[in-house]
Amino acid sequence: MRVLRTTAALAVATLLASGLAACGGSDGGGSDSPSPTTLTIYSGRSESLIAPLIQQFAEETGIAVDVRYGNTAQMAAQILEEGDRSPAHVFLAQDAGALGAVAKAGLFAPLPNEILDLVPAQYRAANGQWVGVTGRVRVLAYDSQSLTPADLPASVFDLTGPEWRGRVGVAPTNASFQAFVTAMRVQHGDDRTRQWLADLSANDPQIRENNVQIVADIDEGRLAVGLVNHYYVFERANELGVSVDELRVRLHFFPDGDVGALVNVSGVGLLASAADNPNARRFIEYLLSPAGQRYFAEQTHEYPLIAGVALDPALPPLEDLEAPDIDLNDLDTLAETVEMIQQSGLTT
């Protein structure tokens with residue numbers, strides 16, 4: 001069996017450094033570099049979620065894999081800093097916006113149609129330079145012991161009202177929050193988004209490092225509501241060894257096309273420098289294989305994107321959600337969004 005080797009996240013590029021200073025990430029690891037035959041993956045997806053599947057790929061194929069973990073914005077910034085000198089072959093990202101930012105810089109190779117055609121058009125790049133792997137929905141997680149569905153806001157814009165002062169958890173350095181804010185900019189414009197961020201910042205938001213902390217605090221009664229991705233509630237249930245229905249924390253899907261119900265994707269891009277690397281293409285195909293998609297549906301409770309793979313029965317089908325009509329290709333202005341969030345006072 002090959003050994004899956006994990007190295008630390010690298011330094012953040014100057015382009016995004018000011019907005020990402022609070023994102024954390026370690027600086028350890030040795031000075032050794034992967035061998036030329038090693039598949040190098042930059043992963044913006046957390047190690048706890050994705051490492052088992054990458055290990056499974058390495059064991060089944062015999063391909064040596066080196067994974068460098070960081071948050072998605074860190075990894076995107078690292079690739080932008082390294083440019084065509086990057087040792088990465090594949091970038092696995094938490095959201096479409098980061099993939100779009102790397103694609104805009106001309107650092108991805110177009111993917112073959114036989115890969116792109118596995119996924120519906122709305123979940124892949126219009127230019128074919130990245131493809132969605134899973135669907136994930138923005139939701140309002142809430143404390144079902146202190147709130148009923150009738151108490152919950154109809155729009156994410158309502159969370160700046162006085163009744164929610166000091167009660168809303170947010171993770172402003174998280175890639176999924178940044179992608180959601182970018183979607184707000186696309187749908188409602190920069191001025192309204194900037195005002196919403198300022199109003200939220202003035203409403204005593206409860207800042208957390210990540211979605212995991214928000215969900216845990218809601219489930220333990222320390223927080224009323226929080227803006228997260230849907231699957232973190234399922235992750236909480238798995239951690240506690242209970243069904244999702246036994247949790248105190250529940251999911252609220254915003255209705256009527258509200259931007260708070262954004263359907264984003266985790267996705268993958270092939271670095272242009274690795275365009276002819278068969279192992280990189282094989283990894284992307286594995287992510288979109290029935291086995292890979294079942295892993296995400298069953299283990300991480302995300303939405304599979306290829307046909308024929310069932311989603312978790314506790315989730316509403318994607319087609320039943322009243323999601324906003326937003327082109328994921330437009331979520332590529334990551335640096336501008338990070339700067340806007342920082343200027344709002346949500347991050348320092």
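The values are calculated or read from the model by the stated rules, or taken from the named source; none is laboratory data. Please read all numbers here as calculations on a predicted model, not as lab measurements. When we count neighbours, we look across all protein chains shown, and the Cβ atoms used for this are built from the backbone with ideal geometry, even at glycine. Keep in mind that these areas ignore ligands, DNA and RNA; they rest on the heavy atoms of the full protein, side chains included. Shrake-Rupley method; radii C 1.70, N 1.55, O 1.52, S 1.80 Å.
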Self-check item: Hits in the stretch 285-317 - residues which are buried (at least 17 other Cβ atoms within 10 Å of the Cβ), touching a Gly at 6+ places or on another chain (Cβ under 8 Å) and part of a helix (DSSP H, G or I)
Solution: Tyr286
Quiz item: Restricting to the stretch 318-337, what's the tally of residues that are in a loop (DSSP other than H, G, I, E, B) and over 21 Å from Arg124 (Cβ atoms)?
Solution: 1
Practice problem: Scan the stretch 136-154 for residues that are under 21 Å from His188 (Cβ atoms), out of contact with any strand residue (DSSP E or B) (no Cβ under 6 Å at 6 or more places or on another chain) and surrounded by fewer than 22 Cβ atoms within 10 Å (Cβ to Cβ) and report the count. | Solution: 2
Practice problem: Give the residue that is surrounded by the most Cβ atoms within 10 Å (Cβ to Cβ), with candidates limited to residues of the stretch 239-278 that are touching a residue at least 40 places away in the same chain (Cβ under 8 Å) and part of a helix (DSSP H, G or I). | Solution: Gly260
Quiz item: What tally of residues in the stretch 218-230 results from selecting those that are assigned to a strand (DSSP E or B) and open to solvent by 20 Å² or more (accessible area, probe 1.4 Å)?
Solution: 0
Practice problem: All but one of (1) over 18 Å from Leu331 (Cα atoms); (2) outside any loop (DSSP other than H, G, I, E, B) hold for Thr193, so report the exception by its number. | Solution: (1)
Quiz item: Does the stretch 218-236 contain at least one residue that is over 24 Å from Asp320 (Cβ atoms) and without any contact (Cβ under 8 Å) to a residue 24 or more places away in the chain?
Solution: yes
Quiz item: What do you reckon, is Ala150 under 17 Å from the mean Cα position of the chain (by Cα) and either within 27 Å of Asn71 (Cα to Cα) or not aromatic (Phe, Trp, Tyr) (or both)?
Solution: no
Quiz item: Which of the following residues is buried (at least 21 other Cβ atoms within 10 Å of the Cβ), within 30 Å of Val249 (Cα to Cα) and among the hydrophobic types (A, V, I, L, M, F, W, C): Ala88, Ala77, Ala73, Ala125?
Solution: Ala73
Practice problem: Within the stretch 41-54, identify whether any single residue is acidic (Asp, Glu) and either in contact (Cβ under 8 Å) with a residue 40 or more places away in the chain or in a strand (DSSP E or B) (or both), and answer yes or no. | Solution: yes
Quiz item: Residue check: is Leu334 open to solvent by less than 20 Å² (accessible area, probe 1.4 Å) and within 30 Å of Gln195 (Cβ to Cβ)?
Solution: yes
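Each row is one residue, and each column tells you yes or no for (1) of a type in the set (Gly, Ala, Ser); (2) at pLDDT 95 or above; (3) open to solvent by less than 10 Å² (accessible area, probe 1.4 Å).
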| residue | (1), (2), (3) |
| --- | --- |
| Pro162 | no, yes, no |
| Arg165 | no, yes, no |
| Val168 | no, yes, yes |
| Phe180 | no, yes, yes |
| Gln187 | no, yes, no |
| Arg192 | no, yes, no |
| Leu197 | no, yes, yes |
| Ala202 | yes, yes, no |
| Tyr232 | no, yes, no |
Quiz item: Among the residues of the stretch 153-173, which ones are under 22 Å from the mean Cα position of the chain (by Cα) and farther than 17 Å from Leu251 by Cβ?
Solution: Phe157, Pro172, Thr173
Quiz prompt | Hits in the stretch 318-331 - residues which are touching a residue at least 40 places away in the same chain (Cβ under 8 Å) and either among the charged types (D, E, K, R) or open to solvent by 20 Å² or more (accessible area, probe 1.4 Å) (or both) | solution = Leu318, Leu321, Glu322, Ala323, Asp325, Ile326, Asp327, Asn329, Asp330
Exercise. Could you figure out which of (1) farther than 30 Å from Glu246 by Cβ; (2) open to solvent by less than 10 Å² (accessible area, probe 1.4 Å) isn't true of Ala101?
Key: (2)
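If you check Phe157 against the conditions, is it open to solvent by 30 Å² or more (accessible area, probe 1.4 Å), at pLDDT 95 or above and outside any loop (DSSP other than H, G, I, E, B)?
So Phe157 fits the description; yes.
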Quiz item: So is Val133 within 23 Å of Tyr295 (Cα to Cα) and surrounded by 20 or more Cβ atoms within 10 Å (Cβ to Cβ) or not?
Solution: yes
